Amino acid sequence: MDQLGSRAPKKRSRALAVPVGLALTASLAFLPVVSASAAPLGTTADAAPASKADTSGPKLSYVANLNAYATMKAAKKAVERAGGTVVTAYEQIGVVVAHSQNPDFAKQLRAQRGLFVSVGATRTAPMTAARTTDEGATQQLSAADAAKAAAAAQEGQEPLEPNQWDLRTIKADKAHKINDGSRNVTVGIIDTGVDDTHPDLAPNFSKGQSANCVGGVADTTEGAWRPYADGSDHGTHVAGTIGAARNDIGVSGVAPGVKIAAIKVSEPGTSLFYTEAVVCGFMFAAEKGIEVTNNSYYVDPYLFNCKTDDDQKALVEAIGRATKYAERKGTLHIASAGNSDQDLAADSLVDDTSPNDTTPVPRTIDPKVCLDLPTQLPGVVTVSATGDKGLRSYYSSYGLGVVDVAAPGGDKWQVPDTPDANGRVLSTVPGGGYGYKQGTSMAAPHVAGVAALLKSAHPSATPSQLQAMLKAQSTKAACPTQIYNAAGTLVDATTCASKWGQTGYYGYGVIDALKAVK
């Protein structure tokens, strides 16, 4: 999670399928079974806003979550009567995305309890255009460092692989001698877009499983999934870590034999990740048969979404329904824990960054009630970051019972013995280049790559089985005595708790690619 693009210097956490999601799980359990006649993904309605509705407010986007007995037809009519325009409707999960300038739009729909469980605005700023979880700006690979790495490359290595300390940390280099992964497995990168023309990504890119979901409707036209011209390199960097090809060019991904797809969900200009786009991303992944999604971001504009707030409650519900639907369709979700150096298992935390699309209002929250999305949703694998020395990265969020596993995310203070002596993670960037980034954004794709290797070896494994294997095969890591702080000073690791065979810093341990292919 560098501070480029979405999720600037925030330390994000990835919560496990733990009791925090009981309310959401309960509501999902009563969703109606929808027939095959459900509206196709991304369809829009042309209904015009009701003429008598107040239109004096700013144009905002909303999600409206139907109750178990409501029909989509009735819900759409209610949206229109309240002065809204339906953007898309997901009958599979009972979620409507709508736009409205009625200041009381959500309030009027919430009053209709026979139709809606929750309704909320997805943003606090008028619509114009997500935050990612990397820490600091991208450091471009210099020609001199590239030449130095190529000179050190051994037979069978990619030219820049000597600088990929992260692959060796999780034994991915040894795994590649056994299995690079299956072409029948696709990892969907829900992010800022991927440059599929990059020579290290093009061989493994799946255009048929890629789209631009910004605004809430999937656009699959050629190149729609690519980063904006002035946009973030975040998604392209993540893509290389997962699936850069072994083709004697540049770097290698953790699973260089699997396919990668791009699902762009970040707004132009701001790189914010709003709920309607993220819901579209999960639904698109589910319908396109994507086996693993990587989520190196948090859903804007709230770092934590409190279920005690009417708007934020609706966002938790909508995204939770979408992730659960995709999971039932066979998709495992991997997410970054965040870069706030916060204990996600604490009794309380200070959130002074939300909402990040207007003026933040500092608040103290309970992370069991106020969730970081999508990382703290049930069924999502939460990943913390480590550096070359195996210590938790100075920026990484953590939490006993919240973090599932750890993976290399980079740490500039943990310097490896590589030709470039750079503790960040080297991967692909748009335009055919390479660069270093650090963050839990970089840790999550290592786990997504290992999950893809597991799915390649066990094609019939369910998402829950894959998650169990990830945990069981991880290398146990005890709480360290010291870690680096943001200033590069070694300090006592007093914040690391351990119990149940887990630690707050590493969860069940550091993932292992070699075990995944054996």
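The values are calculated or read from the model by the stated rules, or taken from the named source; none is laboratory data. Since the model is a prediction, treat every value here as computed from it, not as a measurement. As a convention, Cβ positions derive from the backbone with ideal geometry for all residues, glycine included, and neighbour counts pool all protein chains shown. Each accessible area value is taken on the protein alone, full model and side chains, heavy atoms only, with ligands, DNA and RNA left out. Shrake-Rupley method; radii C 1.70, N 1.55, O 1.52, S 1.80 Å.
Show which lysines lie in cross-link reach of Lys518 when reach means a straight Cα distance below 19 angstrom and same-chain residues fewer than eight apart are skipped.
Answer for Lys518, where 19 Å is the Cα cut-off: Lys171, Lys174, Lys177, Lys455, Lys471, Lys476, listed by chain and number.
Could the peptides 230-238, 118-126 be put in order, highest first, of the mean number of other beta-carbon atoms found within 10 Å of their residues?
Packing order, densest peptide first, comes out as 230-238, 118-126.
Only sites in a loop by DSSP and with at most 15 other Cβ atoms within 10 Å count here; which chymotrypsin sites (Phe, Trp or Tyr not before Pro) in the stretch 460-505 make the cut?
For chymotrypsin sites (Phe, Trp or Tyr not before Pro) across the stretch 460-505 that sit outside H, G, I, E and B with at most 15 neighbouring Cβ atoms in 10 Å, the list reads Trp500.
So, in Å, what gap is there between the alpha-carbon centers of the stretch 230-265 and the stretch 304-334?
Each part's Cα centre sits 26 Å from the other's.
Once the Cβ-Cβ distance between Ala202 and Thr358 is put in as r, and R0 is 30 Å, what FRET efficiency do you end up with, to the nearest 0.05?
Calculated transfer efficiency: 0.15.
Carbon-plus-sulfur fraction of the accessible area of the chain, 1.4 Å probe, in percent?
The C+S portion of the solvent-accessible surface of the chain is 53 percent.
Figure the gain on full extension for Asn247 and Asp310 (residue separation times 0.36 nm, minus the Cα-Cα span) and round it to one decimal in nm.
Additional length available on full extension: 17.6 nm.
Starting from the stretch 352-449, pick out the trypsin sites (Lys or Arg not before Pro) whose DSSP state is loop and whose Cβ has at most 15 other Cβ atoms within 10 Å.
Lys389
Roll a 1.4 Å probe over the protein chains and send me the accessible area per residue for the chain in Å².
Value returned for the chain: 34 Å² of accessible area per residue.
Per residue of the chain, what 222 nm ellipticity follows from adding -39500 (n - 2.57) for every DSSP H run with n ≥ 4, rounded to the nearest 500?
Taking each H run of at least 4 residues, the total per residue is -6500 deg cm²/dmol.
Assuming R0 = 56 Å, can you tell me the calculated FRET efficiency for the pair Thr55 and Gln140, based on Cβ-Cβ distance, to the nearest 0.05?
0.75
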